[in-house]
1. Taking amide hydrogens as modeled 1.01 Å from N in the peptide plane, which residues meet the under 5 Å criterion relative to I14, leaving out close sequence neighbours?
2. For the chain, what D do you get in µm² per second when you plug the Kirkwood radius from alpha-carbon pairs into Stokes-Einstein at 37 °C and 0.692 mPa s?
3. Across the stretch 64-74, in residue order, what do the Karplus-derived ³J(HN,Hα) couplings come to in whole Hz, using 6.51 cos²θ - 1.76 cosθ + 1.60 with θ = phi - 60° and x for Gly and Pro?
4. Counting only heavy atoms of the protein chains, get the accessible area per residue of the chain (1.4 Å probe) and round it to a whole Å² value.
5. Carbon and sulfur: what percent of the chain's accessible surface (1.4 Å probe)?
6. Can you run phi through the Karplus equation (6.51, -1.76, 1.60; θ = phi - 60°) for the stretch 11-20 and list ³J(HN,Hα) in whole Hz, with x for Gly and Pro?
7. Which net charge results when you count Lys and Arg as +1 and Asp and Glu as -1 among the other residues whose beta-carbon is under 14 Å from that of Q59?
8. List every residue whose amide H lies under 5 Å from the amide H of S61, counting only residues 5 or more places away in sequence or on a different chain, with H placed 1.01 Å from N in the peptide plane.
Amino acid sequence: MISTMNEQNLKLSILDFVHIYQSSNPTESLKNSTEVVQLADKLGYTRYWFTEHHNTTSQISTSPDLLSIHAASH
């Protein structure tokens with residue numbers, strides 16, 4: 001008999017770089033990430049992580065703790 005993993009045992013997370021795409025801006029990137037956080041919550045993801053990167057013009061994730069607070073408030 002082959003055992004299968006129960007859906008409840010599989011815990012999924014998302015790692016977000018909050019990337020600023022070429023035709024976008026930081027405000028739009030934050031809005032997009034907020035929408036993904038909300039979707040992840042509806043889909044039952046366990047965790048949503050933000051990366052921390054400094055000195056880059058293509059990401060706004062210099063402060064994951066503030067991004068987490070922003071996401072939680074929405």
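The values are calculated or read from the model by the stated rules, or taken from the named source; none is laboratory data. Small disclaimer: the values here were computed from a predicted structure and weren't measured. Methodologically, a virtual Cβ is constructed for each residue, glycine included, from the backbone with ideal geometry; neighbour enumeration extends over all protein chains shown. Areas reflect the complete protein model, heavy atoms only, side chains present, ligands, DNA and RNA absent. Shrake-Rupley method; radii C 1.70, N 1.55, O 1.52, S 1.80 Å.
1. R47, Y48, W49
2. 241 µm²/s
3. Once θ is set to phi - 60°, the couplings for the stretch 64-74 become x, 5, 6, 5, 5, 5, 4, 4, 5, 6, 10 Hz.
4. 81 Å²
5. Carbon-and-sulfur percentage of accessible area, whole number: 54.
6. Computed from phi, the couplings for the stretch 11-20 are 10, 10, 10, 10, 10, 10, 8, 6, 6, 9 Hz.
7. Net of charged neighbours comes to -3.
8. So S61 has HN proximity to H53.
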